[in-house]
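Presented below is the structure to which this report refers.
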Amino acid sequence: MVTRAQKIRVLTLLAISLIVVFYVLFLLVGKKIMSRNDTYYIKLQKQSVTGLNIGTDVKYYGINIGKVVDIVVNPEDISEIIVTVSVKQGTPIKETATANLSYQSIATGLKQIEITGGDNEDRTLQPEEFIKAGSDLFNDITGKAEIIAQKIESLLNNLIFITEQENAQKFVDLISQLEDDSRKLDTLITAANDFLADNNEELKNILRKGSVMIDNVSDASSAAAKALRNLDKKVQSEELDSSLKDLAEIMRKINSKDLDVLITSLNELVKKSESTVSTIDRTFLQGRNDILRSIELFKETLENINEFAILIRDNPDILIRGKDGD
């Protein structure tokens, strides 16, 4: 006969078991039922969905925001796969965002949906709208692999062409020619260094004398220019202009045969001519020192040139080998 204590223990155990079952059901089902999600669609054009399963995660920049709830073929266009995703309510998915297929693990081949892109200023998609599909990572890798394979093939063809017997011999001849040219260039550089070392002092003297000649010519040119400027100032003076005007007036009066006025004008012209001659004489006296300095500089320059010519005449090979004993 079952006692009251046994009945209580059985009822207690049954109650605990029911509580545990209901709690597990709540965790597995109730939470999902109570939570509200937004549904979006992704239209994949000629992309393989191998490895993408219902229940696969949907992520936004690596954050899990939902699940894949359905994968079907578009009955209106069989080249399209429509993937239905359910994301947490309120998740801001922008119109410019893209949904890409990415690998969860390359070893297992499982894929997931990765949503990226979008700016704050863009329009937010409403539930039941389509998220723009991005590129297939596998197709991108395949395309790049094909390009790399083509480049490797082209490289191998070029290597085969270069290693042919005729081309290989040309390549060897080219290397030999480069070696010969390198040796000749090294010999030329060595000879140039030896020449500079042997004739260093002579070259310095030649350059120094050349510099002195240039300085003398420059000084002479400056002095001559200064004298010419002084002469030009006097030529363009008002006194000379006045004399020329008087001369013009005299010629005009000669034409009119006004002798009295002509004589008076001649007297004035003589006086002004004397003044002009005196002015020009003072000018030449002022510029005499400059002219004498110019002559001295030219004389010194000619002496340097004469010394340089004598040096070259007596020993013309000094520019190549230098003086003996230096």
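Here, each number is a calculation from the coordinates, and none is a lab measurement. The model shown is predicted, which means the values in this text are computed figures rather than measured ones. As a convention, Cβ positions derive from the backbone with ideal geometry for all residues, glycine included, and neighbour counts pool all protein chains shown.
For region 35-140, give the magnitude of the charge dipole about the Cα centre (Cβ charges: +1 Lys/Arg, -1 Asp/Glu; no others), in debye to the nearest 20.
Dipole of region 35-140, to the nearest 20 debye: 340 debye.
Would region 35-140 count as rounded, prolate or oblate if I go by the C-alpha gyration tensor, calling it rounded below 1.5 in a/c and otherwise prolate when a/b exceeds b/c, oblate otherwise?
rounded
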